[in-house]
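Presented below is the structure to which this report refers.
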Amino acid sequence: MRFLWPDLLWLLLALPLLVAAYLWALRRRRRTAVRYASRALVQVALGRGQRVRRHLPPALFLFGFALTLLAMARPSATVTLPSEFMTLVLAIDVSRSMRAGDVKPNRIVAAQDAAKSFIQELPRNVRLGIVTFAGTAAVVQTPTENKEDMVAAIDRFELQRGTATGSGLLVSLAMLFPDDGIDLESAVFGANFSRNSANARANVNPGAGASLDRTQTERKSANAPTRAMPVGSYQGGAIILLSDGRRTTGPDPLEAAKMAAERGVRVHTVAFGSRDGAPISFEGWSFYAVPDEETLKAVAGITGGQFFQASTAGDLQKIYENLSLEFALERRETEVSALFAAAALFLFVLAGLLSVLWFYRPLPVSSSGGSA
């Protein structure tokens, strides 16, 4: 727990002063009280319970006052609350290594089935966008709340050559931040290629020259945001990236992960397939498909996400179930001043009620009569 206005905690020094004032008032009251012949008789008459009752309401008032001072300092704590509306991007590897049969019936079918089950368990406050990546990356479903559209996008997956993990991550990030001008072209071919392409377009269409500077400015802002956010602090969405092999083309996924981290976006990564890998053969070529756990762990670590290893369809299903629960409930720092104030009010009211019940004595009503 931390306090947004910690300087007000100095007011807690008033508590010992209140205790001292209370003790001084009790001593003064004893001095001015009527002196009995035997003080022991008075203590016996009061009893131990009466002495506890005498001090309990002031003690409750003191605790209530302390909670009031703490509430004024605006305490905040990390609590688990229902998550707000968010956008989730599911980036799935559709390289030809997903044909491997180490996950039955094969990796791609198992991944599609698990993704469909995950979609059905999504909370209502989550929109889902879907990205596939192989030799390049593509958006197969823009963020939507329509689960039928999500399932239809999953069914449209087609396997392709290559594994561009970094491209999948960049396209997913661009889906979350469409106004940031995140440029996959410059990430793949370099900034000079993008600049030359823009110049060529300006030469073909002179009217496009006026927008060249603005386009370059947008691309710069994508690579270097004006204000980097704390890692994992973005609450508007997250990325789930599933891959079953090593990157063979495209930008470095670790550089893409740094761009996500600068925006506070968490990337949860899933290494899909058996750790020992599986043989793949097609068109006269054969190779061994082994998940790149090291890179996927690094991506999750850089962005504050979680890394998972799924060797079976059941493993992937459990991972998706855990993630869907995380997106329904999230831990975030929240100001809890109202709780302290409510507790203080309760103690004040309780102290007042006990004082009335235990010590209030109505004054006797005197009647006077006369004779004619």
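The values are calculated or read from the model by the stated rules, or taken from the named source; none is laboratory data. What you see is a predicted model, and the numbers here were worked out from it, not measured in a lab. So basically every Cβ, Gly included, is an ideal-geometry build from the backbone, and we count neighbours across all protein chains shown. The area values use the complete protein model at the heavy-atom level, side chains included, leaving out ligands, DNA and RNA. Shrake-Rupley method; radii C 1.70, N 1.55, O 1.52, S 1.80 Å.
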Need one value: the accessible area of residue 1 in square angstrom, 1.4 angstrom probe, rounded to the nearest 10.
140
Multiply the residue gap between residue 152 and residue 54 by 0.36 nm, knock off their C-alpha separation, and tell me the result in nm, one decimal place.
28.0 nm
Which value in nm describes the separation of the simple spin-label points at residue 288 and residue 13, placed 7 Å from the Cα toward the beta carbon?
7.1
What do you reckon, how do 180, 155 stack up by accessible area (1.4 Å probe), largest on top?
155, 180
Judged on accessible area alone, 1.4 Å probe, highest first, 22, 234 line up as 22, 234
Per residue accessible area of segment 60-174, 1.4 Å probe, in Å²:
39
Evaluate the distance, in nm, between pseudo-label points positioned 7 Å from the Cα of residue 341 and of residue 28 along their respective Cα→Cβ axes.
3.3
Once each part is reduced to its C-alpha centroid, what is the distance from segment 249-306 to segment 81-157 in angstrom?
16
Please arrange 12, 353 by accessible surface area, largest first, computed with a 1.4 Å probe and ligands excluded.
353, 12
Run the paramagnetic zone check for residue 357: 7 angstrom along Cα to Cβ, then residues of segment 56-74 with backbone nitrogen under 19 Å.
56-64
